[in-house]
Amino acid sequence: MSEIISKFTSTMEEFCEVSRWINQCISNSKPLEITDLTMINNKIDALYLIAENYDKSFRTNIVNFPSDLILRVENNASILWNSIAIALKVENNQENLKTFVRCDLFATILLSIHEAIDTGITKKLRVFKCYIIILKQITKFSNSDAWLQLLKETTFLLEKWFQIIENAFSNTSETPFTEGETLEFKQLKFEYFLLNMQLTIRNGNFETAKLYESQTDIPNNIDKLDPPLLLELCQIIYNSTVDLKELKSVKCTKPGHITQQFTDSDHLEVIKFIIYFLKKALEYLSLDVKGLKGNLEYSNIRYNILLFLTDSFINFYEQLDSNIEDCQFYLNMLQNEYPKNTEPFQLAIKLCKKKVSQNQEVNIKEILMGLITSVDIYIHLDTILGCISDFAELSTSDAVIILDYLLNNKVDFDSNSDIAEKIILSRYYLTVQSKTLTIQEIISSIIKFSELIKRLIVHNFSKHIAASIITLLWNAGKKFEKEEMFNESVEFYKLCLIPLISEKYNDKIKLKRALLSAYIKSNDYKMAHNLFNEFSNEEQMNPLNQFYMLRLTFLEKNIDDTLKHLKLIADSNFDKTIDILLLAVVEIKSNSQLLLEGVNLLFQILDDKQLNDKKLSEYSIPTLAVIRYSIQLILKTHDELDLKDFLKKYSSTILSLLEKGFEFANRICIIKKIPKINVENNATLETVSVSDIEWFSSTSYNISVKGLTEPLCAQPFVKLSKKFFSLVPTNEFSFPKSFHYWFWKTRTDILEIVIEKDLIDMENIAAWKSLYQKSDFLLQNVIEKKNSTEFIEENTDLEKNQIKECINDATKVNIEILIYLKEKLKINALLEHNEISSNFEIYSYIESLLLSKNFKSEILGCDILLKLFQKNVFNTEVNCVTLCFWLRVLLEWSIRNNYSIPIDIIRCIQTRIKNNTTSSAEDINYISEELEVIVTLCWNKGINFIIEEQKSLGTDWCLSAKDCAYLVTDNLGKHFEDLWKSLNDSAKIND
């Protein structure tokens, strides 16, 4: 037993030591660090549960301690409590506050242990009072869930001690309470119920809060209240109800216990609860508590509660089944008690808006007039202007009357110019932004108000206020301009130029220019000219003002004056001259003469100004865009003209624009050196995009294609297309993109050869041979590209078709040149090439060349046709129709030119036709017709040989003719059989 007592004693000694150490830490003048807080909390964590167990144990078991130890426990706990009380008054840090409250709990549990050892009613009341104070501290300092655990613990302990003392008070036979102890218990009990009421109000536990409110019975316990306690209660009611209104979920049925939530559907019940307790708070503030109304906080707390209660009634009186008289009752109370505050007037306006009345606007106007005559406008100006601004949405005309009254009667312009200007700005703003006035009423109101202000003020507006008013009017003018209400925009720009407003405005020319533009857009050309004539010489020479005059004269179709303004813009020496000239060129784009003049002036400036690289790059996009747009505009006229007229009228203009475009793009590229243009889809040379270059090149290409019938016209365009392509480094792209540009560059090379071919003198053999070398070189490059590793590994069906197209077109132009040069061996070699052999498209093109009216050499034609026939007679990709056609033409030309062809070609065609099983009925008919001619030609060729005493050859051709005849019809075969017998008999061929 002695060992247990010794252990208790050592622990009690430790309680004393720790409480003394904590007291030293807190009493130290040095601010507590995080490490100090951690050490204090660790000490409390180590001992608090032990202390709770001791407290519980000592109430059931008697333990004898030295009297001095018991006294030290009490003294150290009391000293710690008092130190904490002082620290709490000056501390704001939440972590420090939590630690101090835990120290209070530790001190209180030590006092509780002391009461368990040396029991007594006064000591019990002391512990109970300590827990009440701690709970008050927690409710005062806590504003987050971080305090929730402390709140729960303290609430539990307070309930426990209330029951302990309540039981002791009820059981008077054991230890009766003295009169002083009874009074103290009743006071603490009152404070306990009061505290619970505050907590349940704050947590929205409606019924429990009302229960505690009835238990406190405050009106009948005035003797237990002092002004600070009552005001604190009312302040807590106010704060809690405000928080409650703003929350969508409210928690707890008991202090410190989260058990209840409400949703939007319960909102009305919350409002009823709020109103109930706000009315209770007002009732408490009306109690006859000595010194209450003289307290400095009384008026402010009463005002806030009355204001919140009135606002709640106004907002919800309809849902509360109340009537408007209730709202008016509290509103009157508010206005009578606080006549110089703005909020009662604001609530009066709110109530007026909720009333159904035909005189609503009149009533609100009266309230606003009462507001500005009752309150200090210099203190409450922003609130006053806000109320008037809201009223302006109902009636701008009445709102501006109030503002005008305010300016005329309540403001001293000399001593309060800032206030006056603020009101003036509000007056302009409400008028300009009005939704209830017509545009003409707005304009008229502003003009009249400006005249009024001119009489009221001695000095003009400050620069700031003038700029603000001009911005309002300017934005209104711009808004109407965007909505194409140009006459209205004119009026607002004119308002900007009222001398009172614009005199100190630094950029007045901007306002004039806007008005000039609006006059032009409203088609009031006369006023536009008049306004421009009012400009000073310097203003008139400004290139931007010249631009608007260019627009005006162009609309008037005055080409001479338009050109004059265009040149004046170009001759001006301003930073933005080039930018404005670009705009001017776009403006006159529909007139090709002016357009070309504008572009020439633009490039002349770009050359003359010797712009640095950065500046030149900045102009690349708009400059190329202007050229591009101009060309597109001209090309649209193609639909209205036939090709010949179009080329005659516009080709030189377009060519000039394209040349300017290349000159500029190339200049940019030279500035940037190599690589000329960055790669991939959207890559740019800072300012010149690949897509721009491609557009210019393709446009040049397309025009040259359209002008093929006029090769002299087409040639410069195709050369320009090649120049543009030279700016694109195709070798720096990934394969799909690089091949795309290679393909179109190759197409351009082919087109250039085609056009050059049409321009060469037919007798200039040297030129034809040179062109052949160029053509052959191109063809070999295309073939080399097809056989490259990159193409073989990366190509898709698209690239395959494109390179086949290039091979075909390059071969066609190559063969055409060779045919003209009569290069039989080179033609044969080309036809034997793997890339061209068995290419029916090439064969068809050769066929068309040979049959054209320009083809003169039938002997060369025989060579080519014989080669084609022999090469393809058994090629199933070449049909029998084509073979028969070739053979028939070959026979006709050979007979006319005494050209020797082998007889076996007839036997070959017979074999091919006998094996033909795929031809349609239509093709068969055509083949029969061709064969009938071929039979006749063969027979005639044989007769010619016989006449020339070449009977053996003649016999072969005649017999071949007879055999072919049977392929047409049997009758035709028999006919030639009879002819052969007759020929044989007469010519004695077999002799």
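A few comments on the model shown:
- A Cβ distance below 8 Å, combined with a sequence gap of six or more or placement on separate chains, defines the contacts here; from the stretch 557-572, residues that are of a type in the set (Val, Ile, Thr) reach residues that are open to solvent by 50 Å² or more (accessible area, probe 1.4 Å) in the pairs Ile559/Gln593.
- Within the stretch 473-488, being more than 16 Å from Lys512 (Cα to Cα) and part of a helix (DSSP H, G or I) holds for Lys479, Phe480, Lys482.
For every residue, the table says whether it meets (1) modelled with pLDDT of 80 or more; (2) surrounded by 20 or more Cβ atoms within 10 Å (Cβ to Cβ); (3) outside any helix (DSSP H, G or I); (4) touching a His at 6+ places or on another chain (Cβ under 7 Å).
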residue	(1), (2), (3), (4)
Glu538	yes, no, no, no
Phe547	yes, yes, no, no
Ile578	yes, yes, no, no
Leu581	yes, yes, no, no
Gln593	yes, no, no, no
Glu597	yes, no, no, no
Leu601	yes, no, no, no
Leu606	no, yes, no, no
Pro622	no, no, no, no
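- Note on the stretch 351-369: residues that are over 20 Å from Leu430 (Cβ atoms) and part of a helix (DSSP H, G or I) total 2.
- Within the set Asp55, Asp45, the sole residue that is within 60 Å of the chain's Cα centre (by Cα) and among the charged types (D, E, K, R) turns out to be Asp45.
- Taking (1) touching a helix residue (DSSP H, G or I) at 6+ places or on another chain (Cβ under 6 Å); (2) not in a helix (DSSP H, G or I) in turn, Asn834 satisfies each apart from (1).
Yes/no matrix, rows are residues, columns are (1) of a type outside the set (Val, Ile, Thr); (2) in contact (Cβ under 8 Å) with a residue 12 or more places away in the chain:
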{"position": "Arg59", "(1), (2)": "yes, yes"}
{"position": "Asn64", "(1), (2)": "yes, yes"}
{"position": "Asn75", "(1), (2)": "yes, no"}
{"position": "Ser78", "(1), (2)": "yes, yes"}
{"position": "Glu91", "(1), (2)": "yes, no"}
{"position": "Ile109", "(1), (2)": "no, yes"}
{"position": "His114", "(1), (2)": "yes, yes"}
{"position": "Phe128", "(1), (2)": "yes, yes"}
{"position": "Leu158", "(1), (2)": "yes, yes"}
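- Of the criteria (1) under 25 Å from Glu841 (Cα atoms); (2) of a type in the set (Val, Ile, Thr); (3) open to solvent by less than 30 Å² (accessible area, probe 1.4 Å), which one Thr955 fails: (1)
- Cβ pairs under 9 Å, 6+ apart, first in the stretch 850-866 and in the same structural domain as Lys824 (by the TED database), second surrounded by fewer than 20 Cβ atoms within 10 Å (Cβ to Cβ) and modelled with pLDDT under 90: none
- Qualifying residue in the stretch 792-800 (condition: modelled with pLDDT under 90, open to solvent by 30 Å² or more (accessible area, probe 1.4 Å), in contact with a helix residue (DSSP H, G or I) (Cβ under 6 Å, 6 or more places away or on another chain) and part of a loop (DSSP other than H, G, I, E, B)): no
- Residue satisfying all of: in the stretch 17-37; hydroxyl-bearing (Ser, Thr, Tyr) and either at pLDDT 90 or above or not in a helix (DSSP H, G or I) (or both); surrounded by the most Cβ atoms within 10 Å (Cβ to Cβ) among these: Ser19
The values are calculated or read from the model by the stated rules, or taken from the named source; none is laboratory data. Since we're looking at a predicted model, the values are computed, not measured. Methodologically, a virtual Cβ is constructed for each residue, glycine included, from the backbone with ideal geometry; neighbour enumeration extends over all protein chains shown. When the accessible area is computed, the model is the full protein with side chains, heavy atoms only, and any ligands, DNA or RNA have been set aside. Shrake-Rupley method; radii C 1.70, N 1.55, O 1.52, S 1.80 Å.
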